[in-house]
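For reference, the structure is listed below as structure tokens.
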Amino acid sequence: MINTNITKFRDDIYNVFKQTILFNEPVNISTKDGNAILLSEKDYRGLMETLYLINQPGMKDKLIDGKNTPIVGCVNEDSVEW
């Protein structure tokens, strides 16, 4: 995570946004009133999807089981109907 203050952020806002979008690097912007985080849209959408999935009943356990399943125990991608 990149840390900056509001003055430096304001002085270089275009480049900070560009870096955040290109490299998905969050930016912590500090002010005298508190901090804010700048995220790329891709990171934000991923975070929202993760929160959605984790809040589905039983999904967390299914994801952990899937992560721990050896490749030989997985279904072939060609046999899955999308």
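Could you work out, for segment 41-80, what percent of all Cα-Cα pairs fall into each 10 Å distance bin, beginning at 0 Å and stopping at the bin that holds the largest distance? Using 10 Å bins, I get a P(r) of 25, 35, 36, 3 for segment 41-80.
Amide H contacts under 5 Å for Asn5: Ser30, restricted to partners 5 or more places along the chain or on a different chain, H placed in the peptide plane at 1.01 Å from N. With contacts taken as Cα pairs under 8 Å and at least 6 residues apart, segment 1-53 reaches a relative contact order of 33 percent.
Based on the Cβ-Cβ distance from Ile6 to Glu41, what FRET efficiency comes out when R0 is 22 Å, to the nearest 0.05? Calculated value: 0.50. Surface composition of the chain: carbon plus sulfur atoms hold 57% of the accessible area, using a 1.4 angstrom probe and ignoring ligands, DNA and RNA.
Under the convention that each Lys and Arg Cβ holds +1 and each Asp and Glu Cβ holds -1, the size of the dipole of the chain around its Cα centre is about 400 debye.
The trypsin sites (Lys or Arg not before Pro) of the chain that DSSP puts in a loop, and whose beta carbon has at most 13 other beta carbons within 10 Å, are Lys32. Qualifying GluC sites (Glu not before Pro) in segment 34-82, where qualification requires a DSSP coil assignment and no more than 10 other C-beta atoms within 10 Å, comprise Glu81.
With the convex hull drawn over the C-alpha atoms of the chain, the volume per residue is 152 Å³. Over the chain, DSSP H runs of length four or greater, each weighted -39,500 (n - 2.57), average out per residue to a 222 nm ellipticity of -15000 deg cm²/dmol.
With a/c under 1.5 counting as rounded, go ahead and sort segment 13-59 into rounded, prolate or oblate using the C-alpha gyration tensor (a ≥ b ≥ c being the square roots of the eigenvalues; past the cut-off, prolate if a/b is larger than b/c, else oblate). Mind showing how you got there, number by number?
On the way: a/c = 4.98, a/b = 1.75, b/c = 2.84.
Verdict is oblate for segment 13-59.
Close Lys pairs in the chain, defined as Cα atoms under 26 Å apart and 8 or more places apart or on different chains, number 8.
The values are calculated or read from the model by the stated rules, or taken from the named source; none is laboratory data. Computed from a predicted structure; not experimentally measured. No Cβ is skipped: glycine too gets one built from the backbone with ideal geometry, and neighbour counts run over all protein chains shown. Keep in mind that these areas ignore ligands, DNA and RNA; they rest on the heavy atoms of the full protein, side chains included. Shrake-Rupley method; radii C 1.70, N 1.55, O 1.52, S 1.80 Å.
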